[in-house]
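The values are calculated or read from the model by the stated rules, or taken from the named source; none is laboratory data. Nothing here was measured: the structure is a model prediction, and the numbers come from that model. Cβ placement follows ideal geometry from the backbone for every residue including glycine, while neighbour counts extend to all protein chains displayed. Quick note on the areas: whole protein, heavy atoms, side chains included, nothing else; ligands and nucleic acids left out. Shrake-Rupley method; radii C 1.70, N 1.55, O 1.52, S 1.80 Å.
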Amino acid sequence: MPNSLLSRTSMRMLACAVAVATAPLLGAAAHAQSDPAKPVAVVGVTSYNELLADIDYLGQFGGQVGAGQQLDNMLQFFTQGQGLQGVDKDKAWGVVAHVDGAVVCLPVTDLDAVLGLVRNFGLTTSDMDDGIIEIEIPNQSLYVKKVGNWAFASNTPEMLANAPANPGDMFDKMTADYDIAAEVMVQNVPEMYRMIAIQQLRAGAEQGLQQRFDETDEAFAARRQSTEASIDQIEQLINDLKELKIGFNTDTDKGNVILDFVYNAVPDSQLARGIEVYKDAQTMFGGCMKDGAAIQFNISVTTPADLVEENKAQVQSQMSSVRQQAMNGIDQELGDLNEEARDTVKEAVGDLLDAVEATAMAGKMDMAGCLDLGDGKLNVIAGGFTKEPGKVESALKKLSALMKDGPTVAWNADSHGGANIHTLTLPVHDADAQKALGESLDMAVGIGDDKVYFSAGTGAVSQLKQAIDASGSSTTPVKPMQMSVALTPIVQFISETEPNPAADAMLDALVTKSEGLDSVHMTAENINGELRTRIEVEKGVLHAIGAAVMEARRQGAGAGF
């Protein structure tokens, strides 16, 4: 769908960009079709001393106090006490990859000392022309040249001419916010190599497109159509993607770990216009989010009409494939139902897909919700924009007609804020489930002119009304896409409903060490014309993971492993 194009394909974009960047390095050289001075990828790494400090910080979470110092001691042992002699340990370093090879850029204070380390490992060095030094290693050679305070190394002497003029400035900029950063310059890759990467993706997909023995011809055709549409979308993304940046950082001051994916598009491309919509977001469902909830999320993106129209055929093709797969899935998974019941399910699913397609073609995606585990009880509230609320209600009524025993359904049980409220009460028979849900689970659905609300848990109807009132007719500024998962209420809930040593250890770490920073945050937003997708893990989560790992070790040791 136009307004979720980027979110659905972020990981595909990453894989494709890496494939495109590495394709030329795996093939034959093509000097005439590329500018050797333009890199296709750059990796920057923070200084050795900063890396050791970060390793020290991260090591504590797994019970490895002084992990950075241990690593340095190990290096001292293998180098007979010399360590990284001659290397400037306070400067960032990195690798620059070109179409025909790569150059390692290492800051040095004494190249002779570095070469001495090499010779201590039994390798031979010899001087060549133009200040180049050859290091002979088994089956190949490495070529090194010193320029100023930098040593450049590559597997061919010709590649040394492509060394960056100011590597220090470049790597300092890349590592200003990250420990390790990588940039893939997709448009610097010759077109022939991009086409090779796409052909390889198509060939790999084709190999996986074999009809399964239990798959009908219709289901196979739908799966093929969906796969081919995905490959076409990937091809479009490769052609539109200018740069992909990846950054990992350990912030010892804040106590968090961050992983960023930043997409930069070719100007005026479809991707560039898609990135543009990921800013200045607002949601009509702010009342469905709650501070302190175990999980909360929102997706709020509005796509311009011209971009919606441009993607219309693609959306219709994708929806057609989804419909066919859904209908075939119903036949396969609900084969124990009679034909009339399966037809009813198909009609209900068809109505929901009609609502999804109409909403996508409206160019507006707006939904928000949360999962609250307060007082040991599970409560859910969510709301979303829909272009076809009647289709949603029709689907629910068709599905409810199939529920003959158990649930109690009341249509138009109440109304509030312009929404008709329907309720369902589902008996809960499992004793463990009753701890969280009670003897019955109350659910409510509110359907308005262009909004659908859902709630489940204690006081479902009152929760729904509160969410409608809190949302009101105004909008709430939000990030275009975000999800936060707070670990403390989740682990506490697990520990109370099904106690186990790992959960207890994690909860103790969260309570005593997190200082309220116990969440994982995932966001996507337009930052200065680039789409940044960020995963942030707070220190309480790191402490909890470390506690679980150490508890597993104790359990393993107790079991004799």
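Summing Lys, Arg as +1 and Asp, Glu as -1, what charge do residues with Cβ under 14 Å from the Cβ of GLU158 carry, GLU158 excluded? Write out the running numbers ahead of the final one.
Details: positive: LYS145; negative: ASP100, ASP129, ASP130, GLU134.
Value of the local net charge: -3.
On a C-alpha basis, how far is the centre of the range 444-498 from the centre of the range 399-431 in Å? Whole number, if you could? The range 444-498 and the range 399-431 have Cα centres spaced 18 Å from each other.
Taking 15 Å as the straight-line reach from the Cα of LYS312, the aspartates and glutamates in range (excluding those fewer than 8 positions away in the same chain) are ASP232, ASP354, GLU357.
Provide the per residue accessible area, probe 1.4 Å, for the chain, rounded to a whole number of square angstrom.
Here the per-residue accessible area is 49 Å².
Taken about its Cα centre, the chain carries a charge dipole of roughly 120 debye when the Cβ of each Lys and Arg holds +1 and the Cβ of each Asp and Glu holds -1. Return the carbon/sulfur percentage of the accessible area of the range 209-272, one whole number, probe 1.4 Å, all protein chains in place. After summing per-atom areas, the C and S share lands at 48 percent. Can you find, among ASN166, THR303, LEU115, the residue farthest towards the positive end of the dipole of the chain? Put +1 on the C-beta of Lys and Arg, -1 on that of Asp and Glu. Projecting each Cα onto the dipole axis, the largest value belongs to THR303. Placing +1 on each Lys and Arg Cβ and -1 on each Asp and Glu Cβ, with no other charges, gives the range 52-187 a dipole about its Cα centre of roughly 220 debye.
Approximating the spin labels as points 7 Å out from Cα along Cα→Cβ, the ARG212-to-GLU136 distance works out to 5.8 nm.
What does the charge dipole of the range 102-165 about its Cα centre add up to, to the nearest 20 debye, if the Cβ of each Lys and Arg holds +1 and the Cβ of each Asp and Glu holds -1?
200 debye
Return the carbon/sulfur percentage of the accessible area of the range 141-196, one whole number, probe 1.4 Å, all protein chains in place.
Details: 1370 of 2660 Å².
Accessible surface attributable to carbon and sulfur in the range 141-196 totals 51 percent.
Taking semi-axes √(5λ) of the Cα gyration tensor in Å as calculated from this structure, the corresponding entry among [x] 45, 30, 25; [y] 51, 32, 22; [z] 40, 28, 24 is [y]. Positive end of the dipole of the range 198-281 (Cβ unit charges, origin at the Cα centre): among LEU244, ILE234, ILE198, the Cα lying farthest that way belongs to LEU244.
For the pair ALA229 and ASP508, label points projected 7 Å from Cα toward Cβ lie 5.2 nm apart. The residue list GLY44, HIS422, TRP150 was ranked by how far each Cα lies along the charge dipole of the chain toward its positive end, using unit charges on Cβ atoms, and HIS422 comes out on top.
Over the residues of the chain, the helix contribution to mean residue ellipticity at 222 nm works out to -14000 deg cm²/dmol, using -39500 (n - 2.57) for each DSSP H run of at least 4.
Per-residue packing, averaged as other Cβ atoms within 10 Å, sorts the ranges 118-127, 176-185 into the order 176-185, 118-127, beginning with the highest. Model label points for MET128 and ALA552, set 7 angstrom from Cα along the Cα-to-Cβ axis, are 4.7 nm apart. For the range 279-375, carbon and sulfur atoms together expose 50% of the accessible surface, with a 1.4 angstrom probe and every protein chain in place.
Loop-located trypsin sites (Lys or Arg not before Pro) in the range 194-297 (DSSP state other than H, G, I, E, B) with a sparse environment of at most 15 neighbouring Cβ atoms within 10 Å: ARG212, LYS254, LYS279. Could you pull out every one of the lysines with an alpha carbon less than 29 Å from that of LYS397, ignoring same-chain neighbours closer than 8 positions? List returned: LYS346, LYS364, LYS377, LYS387, LYS451, LYS465. Within a straight-line Cα-Cα reach of under 17 Å, LYS290 can be paired with the following aspartates and glutamates, leaving aside sequence neighbours fewer than 8 residues apart in one chain: ASP366, ASP372, ASP375, ASP469, ASP518.
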